[in-house]
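K.L.:
Below you will find the structure I want to go over with you.
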Amino acid sequence: MASRGEIRAVRRVLYDRNRLRKMMDEVRSIDVLMNTGPNAAIAPDDVRLPGGGPRWLIGEGDGELDPNVAEAAERCRRLAKLLRTTRQELKNVDFPRDDKRELRNALEQQAKAWIARADAWSAPKAPDVGAAVKEINGHDKESIRSYAKVDKYLDDNAFAGIG
């Protein structure tokens, strides 16, 4: 059973304000670049509909990846790196070993899901969408399973005032 002090120590790492701000910036940027929000601001000359997703390719059949999609994929990789940094920092926090294993696994699986998105989005050829979705969902499910086991370390209010 984790003590209050151990939970506070874990939360100091999990909810580092500077890192959380960077993570939120990456997620928001991905949302804008991929045009996933229903209220997305679209330039008047843009052929996309707000919330209708990205243009995957530019030009007429040249197969060049849209720069917004390429940038979103890079931001996915940066987000994964931030998650892995958090995971690494938890290695040095003293709290129950089983909880540490689950929490670090949750972060790693979350990072792998973002990397899988980046790989699918930046693939030089059309990816196998079914396989990509299966991989992403598998990592997300594993992450959620691990987070559920260590929910006492999670703080619903940690994002208040950030952003």
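The values are calculated or read from the model by the stated rules, or taken from the named source; none is laboratory data. All values reported here derive from a predicted model rather than from experimental measurement. Cβ sites come from the backbone with ideal geometry, for glycine too, and all protein chains shown count toward neighbours.
K.L.:
How many residues are modelled with pLDDT of 80 or more, out of contact with any helix residue (DSSP H, G or I) (no Cβ under 9 Å at 6 or more places or on another chain) and either in a loop (DSSP other than H, G, I, E, B) or loosely packed, with under 12 Cβ neighbours inside 10 Å (or both) if we restrict to the stretch 18-56?
P.N.:
1
K.L.:
Within the stretch 118-134, can you find the residues that are surrounded by 19 or more Cβ atoms within 10 Å (Cβ to Cβ) and either closer than 18 Å to residue 149 by Cβ or modelled with pLDDT of 95 or more (or both)?
P.N.:
118
K.L.:
Now a separate question. Taking the stretch 64-95, which residues are assigned to a helix (DSSP H, G or I), closer than 20 Å to residue 132 by Cα and in contact with a Lys or Arg (Cβ under 7 Å, 6 or more places away or on another chain)?
P.N.:
If the condition is that a residue be assigned to a helix (DSSP H, G or I), closer than 20 Å to residue 132 by Cα and in contact with a Lys or Arg (Cβ under 7 Å, 6 or more places away or on another chain), then 76 is the only one that fits.
K.L.:
Would you confirm whether or not the stretch 67-78 contains a residue that is at pLDDT below 95 and β-branched (Val, Ile, Thr)?
P.N.:
Yes: one or more hits.
K.L.:
How do the pairs read when you match residues in the stretch 28-54 that are under 19 Å from residue 73 (Cβ atoms) with residues anywhere that are surrounded by 10 or more Cβ atoms within 10 Å (Cβ to Cβ) and of a type in the set (S, T, N, Q), using Cβ under 6 Å and keeping only pairs 6 or more apart or on different chains?
P.N.:
Between residues of the stretch 28-54 that are under 19 Å from residue 73 (Cβ atoms) and residues that are surrounded by 10 or more Cβ atoms within 10 Å (Cβ to Cβ) and of a type in the set (S, T, N, Q), the close pairs are 33/68; 48/35; 53/35; 54/35; 54/68.
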